[in-house]
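Q: Provided herewith is a single structure, encoded as structure tokens, for subsequent inquiry.
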Amino acid sequence: MTNLVNTNINGDAVGFACEADETLLDALRNRVGLKGVKEGCGTGDCGACSVILDGTLVCSCLVLGMEVEGRTVETVEGLSNGAELHTLQSKFIEHAALQCGICTPGFLMAAKALLKNNPDPSEEEIRYALAGNLCRCTGYDKIVRAVQATAAELREA
Amino acid sequence: MTADTKFTGQTFKSVGTRPLRPDGIDKVTGRARYGADIDLPGQLVGSILRSPHPHAAIRAINTSKAEALQGVKAVITAADLPDLTNGNKELFDILDNCMARTHVYYDGHAVAAVAAVDAVTARKALKLIKVDYEILPHVTDVDEAVAPGAPVLHKKCFTQGVEPKPKKPSNIARRSEFGHGDVDAGFAKADVIIERTFRTEQTHQGYIEPHACVASISPDGSGELWVCTQGHFVFRQHCAELLGMDVSKLRVTPTEIGGGFGGKTHVWAEPVALALSRKANRPVKLVMSRDEVFRASGPTSATSIDIRIGVTKKGRITAGDATLRYTSGPYVGMWAELGAMTSFACYDMKHVRTVGLEVLVNRPKTTAYRAPSAPMAAFAVESVIDELAGRIGMDPVDLRIRNAAKKGTRSSYGPVYGPIGIGPTLKAAKEHPHMSAPLGENQGRGMACGFWFNFGGQTCTDLNIAPDGTVSLTVGTIDVGGARASLALVAAEELGIPYDQVRTVVGDTSTLGYNDMTDGSRGTFSSSMATIMSARNAISILKERAAKMWDIPVEKVIWEDGCAKAVGKKHGNLAPLSLAEIAEAAPNTGGPIAGHNELVADGAGVSFATHICDVEVDPETGRTQVVRYTVIQDAGKAVHPTYVEGQYQGGAAQGIGWALNEEYVYGDDGRLQNAGFLDYRIPVCSDLPMIDTQILEIPNPNHPYGIRGVGETSIVPPLAAIGNAVSNAFGVRMTHVPMSAPRILAALDEAQAAASEDVETA
């Protein structure tokens with residue numbers, strides 16, 4: 001049975017129809033058109049589909065679409081302020097923290113969630129906070145550096 | 001290769017700088033379109049039914065119930081992909097792998113497919129397809145497959161490359177041999193000989209983006225395909241041939257690619273999606289699940305390698321001999337051959353022999369994985385060389401320096417080397433501060449070398465000057481690691497204009513001539529060569545136009561700093577004409593200005609690397625952590641050094657995962673037991689340290705800028721570097737990759753038991 005879900009996505013009131021067994025990942029991609037949310041595994045192991053749900057980082061493949069009724073969802077598409085990139089986004093480009101880029105939306109959301117709770121993370125804290133996100137291109141070195149650079153800049157701001 | 005492509009030793013303005021990549025903003029905002037992000041009006045969802053058996057004959061397939069399900073628009077089997085391969089064995093194997101015909105050969109082998117209005121209906125339909133299998137004995141292990149009495153996959157498989165032809169079929173599909181000299185004579189001169197057998201388990205490329213495509217075939221026989229691929233022209237060729245289409249009538253548009261590492265050099269589901277679209281007369285989108293990616297798309301080989309190396313007390317390698325058995329899945333490959341070619345490529349050897357055996361097993365068809373086949377061979381060779389160094393009391397770096405190949409060395413696989421980087425990377429390693437840094441408790445340091453050929457191949461590019469003087473560069477090689485930025489730098493360099501005035505795009509198969517795929521680290525090497533030639537062609541036209549505008553002979557015009565300049569006493573006082581001015585005048589001087597080039601990029605310079613690695617082993621659990629890692633590699637010329645570093649780091653990380661943890665695990669039932677990222681665990685952020693890099697630049701004489709491929713070599717040394725580090729920490733020689741915690745613990749326990757036995761005997 002198809003259900004109507006009313007939610008807030010990236011600051012906008014959004015309604016979408018979805019099946020009872022449909023994941024938030026599928027709903028975001030196929031019903032709402034937010035293709036920046038990526039599917040790498042569908043089992044919560046790769047983090048490519050990471051979104052922030054009511055302030056908490058989740059794998060959208062492990063959440064049902066119907067569960068976001070009345071809640072707040074943040075995806076990579078809402079990260080920048082219009083044409084002005086979020087510091088994480090610009091630092092990821094500057095530090096070459098992406099190659100193929102398929103994991104990047106998930107990493108950005110995970111890093112955002114980390115920095116909100118911990119504005120001055122150690123390298124180890126960054127590495128553990130991002131351990132739920134798989135990247136096969138970079139070896140993580142430049143991702144960690146981009147997050148460190150972002151944290152430093154946001155602390156000064 | 002022509003005189004135009006020779007290295008000239010010029011100085012650079014743009015090449016070697018580190019500007020931002022053109023695809024960056026799209027990739028951080030979610031705008032970048034990958035394989036699964038393309039949608040077409042009226043598209044259906046495709047899904048594939050896969051064999052649960054590792055080996056079976058297909059007696060019958062009944063699709064009638066699936067066809068009758070509401071919402072199902074097409075069901076296909078091998079009958080809908082008839083054999084049009086006309087005796088082309090390689091193409092037939094591709095077809096048979098995409099859709100099983102008489103037999104299934106591995107757990108995950110495709111047997112049928114459906115296209116339906118949505119995913120739920122497609123999944124329901126798959127369950128309604130009845131396949132009648134006759135289950136056959138299977139073999140998944142490389143050594144078991146070559147043992148007497150093993151189930152033989154193909155009754156007509158008689159080992160190629162053996163004279164006389166064997167009388168009995170076997171799972172050894174092909175034998176290849178390389179080398180020179182007389183290994184027996186070489187071993188006779190050795191003071192120390194070590195002979196060992198090594199094993200490496202099968203790993204997957206592990207790209208985060210599953211295979212995905214959208215196929216649309218029109219009733220007029222033309223078609224379109226959007227797909228994440230490393231080679232859209234190759235995909236077009238294979239798909240068109242398998243579907244019986246004219247090649248030019250299939251337009252393949254590459255999407256952004258979410259990682260490939262060799263795994264997206266091969267068609268898997270694309271011919272199936274096209275066949276579904278043809279039958280349903282609607283566009284079909286087909287996206288693999290992660291489970292399907294592991295079970296049915298290209299892992300690398302599992303291997304078993306016998307190796308023997310001899311050395312004098314003074315540290316001269318006298319001979320090397322290796323027999324390499326590589327699995328290639330159910331179809332013959334060239335994986336053992338590549339292993340045999342690369343084994344001893346780092347060394348200057350008088351007597352060397354390598355034999356490669358391609359072994360058929362009931363596992364998915366082996367596909368290229370970054371420097372395919374080289375890491376396993378390097379694991380064996382570099383482990384034994386380290387052990388030999390220990391036996392003769394020589395520093396392992398010095399032993400390697402003593403025997404390193406150099407310009408003029410006849411390589412173990414045949415060709416004579418030009419200027420190469422193995423010696424310089426070893427010297428840099430010896431001098432690197434990492435080499436002398438103190439180690440902590442339970443830590444060990446290892447090092448190892450690696451080699452990769454690098455490929456060239458068919459390439460063409462289009463360089464169009466826009467009416468405002470900015471430049472659009474269209475290339476036919478897929479950008480997997482930042483090539484669009486690098487190629488824009490090359491165009492900017494040649495034209496003498498700023499980087500940000502060049503935009504590189506990857507053209508579809510209908511906008512450019514044929515290009516080989518991005519493999520063998522060829523993308524930037526080959527396309528930069530074609531880009532340079534395209535730019536030079538454009539410059540000659542720009543000079544002609546300037547001459548026309550000035551009304552002077554073209555011989556009196558030169559191109560410098562992005563401008564046409566008049567030279568000579570008579571005209572030298574004319575103000576230079578900028579690219580923008582010439583472009584603006586183009587409508588009146590002869591029309592649009594463009595440079596085009598097509599070539600076979602020969603002379604890809606071979607690539608070498610040396611890695612240094614520190615590990616810490618927990619003696620209670622065997623868990624091993626890499627605590628420091630350094631990559632030193634020759635790039636020829638690093639066009640965009642940051643992205644070169646990225647290749648070095650990424651390859652090292654994949655090698656570390658392979659060395660310590662990643663492996664395909666098959667049960668006795670022949671089924672893959674860990675087809676997901678939870679159980680096939682690739683390195684995560686907290687598993688790794690920062691990965692230091694050092695770029696050396698030994699110019700490739702066969703490229704105008706000295707460029708060599710950089711993408712693959714970095715995955716070659718880690719297996720051995722880590723094995724050597726573990727050995728140096730605990731005195732145990734690891735011979736089985738991955739060196740997972742249980743294997744290391746077992747080795748430690750065994751060493752301890754042996755030590756206490758020695759004490760008791762004493």
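Read the figures in this text as sums done on the coordinates, not as results from a lab. Everything numeric in this text was worked out from a predicted model, so none of it was measured. Backbone-built Cβ (ideal geometry, glycine too); neighbour counts: all protein chains shown.
Q: Quick one: Debye curve from the C-alpha atoms of region B:608-749, no solvent, what's log10 I(q)/I(0) at q = 0.17, 0.18 Å⁻¹?
A: Scattering profile of region B:608-749, log10 relative to I(0): -0.92, -0.99.
Q: In whole Hz and in residue order, list the ³J(HN,Hα) couplings for region B:418-432 that follow from phi through the Karplus curve 6.51 cos²θ - 1.76 cosθ + 1.60, θ = phi - 60°; x for Gly and Pro.
A: For region B:418-432, the Karplus curve yields x, x, 9, x, 5, x, x, 5, 5, 5, 4, 5, 4, 8, 5 Hz.
Q: With the convex hull built on the Cα atoms of region A:87-156, state its orientation-averaged projected area in nm². Don't skip to the answer; put the middle values down first.
A: On the way: hull surface 15.6 nm².
With every direction weighted equally, the projected area is 3.9 nm².
Q: Ok, one more. Using each residue's phi in region B:439-450, evaluate 6.51 cos²θ - 1.76 cosθ + 1.60 at θ = phi - 60° and report the 3J(HN,Hα) Karplus result to the nearest Hz, with x for Gly and Pro.
A: Calculated HN-Hα couplings, in order: 9, x, 5, 6, 10, x, 10, x, 9, 6, 10, x Hz.
Q: Just to confirm a number: summing +1 for Lys and Arg and -1 for Asp and Glu over residues other than B:Ala56 whose beta-carbon lies under 11 angstrom from that of B:Ala56, what do you get? Write down the numbers at each step before the final one.
A: Numbers: positive: B:Arg59; negative: B:Asp107, B:Asp132, B:Glu134.
Counting the neighbours of B:Ala56, the net charge comes to -2.
Q: So if a site counts as exposed when it's one of the chymotrypsin sites (Phe, Trp or Tyr not before Pro), its DSSP state isn't H, G, I, E or B, and it has at most 16 other Cβ atoms within 10 Å, what's the longest stretch of chain B without one? Mind dumping the intermediate values first?
A: Values: sites that count: B:Phe12, B:Phe158, B:Tyr514.
Free of exposed loop sites, the longest segment is B:159-513.
Q: From the helices alone, meaning DSSP H stretches of at least four residues, give me the mean residue ellipticity at 222 nm for the protein assembly as shown, per-run term -39500 (n - 2.57), in deg cm²/dmol to the nearest 500. All intermediate terms of the calculation are to be shown ahead of the outcome.
A: Working: 24 runs with 272 residues, N = 919.
Computed ellipticity for the protein assembly as shown at 222 nm equals -9000 deg cm²/dmol.
Q: Return the whole-Å distance between the Cα centroid of region A:74-131 and the Cα centroid of region B:219-242.
A: Here the answer is 36 Å between Cα centres.
Q: Just to be sure I follow the definition: excluding the sites themselves, where is the longest run in chain B that has none of the GluC sites (Glu not before Pro) in a DSSP loop with at most 14 other Cβ atoms within 10 Å? Could you put the intermediate results ahead of the total?
A: On the way: sites that count: B:Glu441, B:Glu620.
Longest site-free region, per DSSP loop and neighbour criteria: B:1-440.
Q: Give the aspartates and glutamates whose C-alpha is closer than 12 Å to that of B:Lys6, dropping any in the same chain fewer than 8 places away, or say none.
A: B:Asp602
Q: Assuming a ≥ b ≥ c are the square roots of the Cα gyration tensor eigenvalues, decide whether region B:278-378 counts as rounded (a/c under 1.5), prolate (otherwise, with a/b larger than b/c) or oblate. If you can, show how the numbers build up before the last one.
A: Numbers: a/c = 3.68, a/b = 3.21, b/c = 1.15.
It is prolate, given that a/c is not under 1.5 and a/b is the larger ratio.
Q: May I pose another question? How much of the calculated P(r) for region B:455-580 lies past 21 Å, in percent of all Cα pairs? Kindly include the intermediate steps, with their values, before the conclusion.
A: Details: 3293 of 7875 pairs.
In whole percent, the share of Cα-Cα pairs in region B:455-580 beyond 21 Å is 42.
Q: May I pose another question? What does the structure give for B:282-290 when I average, per residue, the other chain Cβ atoms found within 10 Å of the residue Cβ?
A: Values: counts 0, 0, 0, 0, 0, 1, 0, 4, 7.
The shielding value for this peptide is 1.
Q: How would A:Thr23, B:Thr342 line up from fewest to most surrounding beta-carbon atoms within 10 angstrom? Spell out each step's value before the answer.
A: Details: A:Thr23 21, B:Thr342 29.
Exposure proxy ranking, most exposed first: A:Thr23, B:Thr342.
Q: While we're on this one: Among B:Ile194, B:Ile532, B:Ile76, rank each residue by its count of other Cβ atoms within 10 Å, from fewest to most, as a rough exposure measure.
A: Values: B:Ile194 18, B:Ile532 25, B:Ile76 21.
With the fewest neighbours first, B:Ile194, B:Ile532, B:Ile76 line up as B:Ile194, B:Ile76, B:Ile532.
Q: For a quick check, take a GNM of chain A with Cα springs below 10 Å and name the residue from A:Gly132, A:Gly82, A:Gly55 with the largest mean-square fluctuation.
A: Answer for the Gaussian network model of chain A: A:Gly82.
Q: Still on this model: What do you get when you divide the Cα radius of gyration of chain B by 2.2 N^0.38 Å, with N the number of residues?
A: Taking N as the residue count of chain B, the ratio is 1.01.
Q: Just how far, in whole angstrom, is region B:556-570 from region B:496-526 if you go by their alpha carbon centroids?
A: After rounding, the separation between the Cα centres reads 29 Å.
Q: Would you calculate the volume per residue, in Å³, of the smallest convex hull containing every Cα atom of region B:350-484?
A: Details: hull volume 34.1 nm³, N = 135.
Hull volume normalised by residue count: 253 Å³.
Q: Right, here's the next one. How many partner chain Cβ atoms sit within 10 Å of a residue's Cβ in peptide B:30-37, on average, as a whole number?
A: Mean inter-chain Cβ contacts per residue within 10 Å come to 6.
Q: On average, how many beta carbons from a partner chain sit within 10 Å of the beta carbon of a residue in B:190-199?
A: Values: counts 0, 0, 0, 0, 0, 0, 0, 0, 0, 0.
Across B:190-199, the average partner-chain Cβ count within 10 Å equals 0.
Q: Which whole-angstrom value gives the distance between the alpha carbon centres of region B:43-66 and region B:703-762?
A: 43 Å
Q: What is the protein assembly as shown by shape, rounded, prolate or oblate, if you read a ≥ b ≥ c off the alpha carbon gyration tensor as root eigenvalues and call it rounded for a/c under 1.5, prolate for a/b larger than b/c, and oblate otherwise?
A: Working: a/c = 1.33, a/b = 1.07, b/c = 1.24.
Note, shape of the protein assembly as shown comes out rounded.
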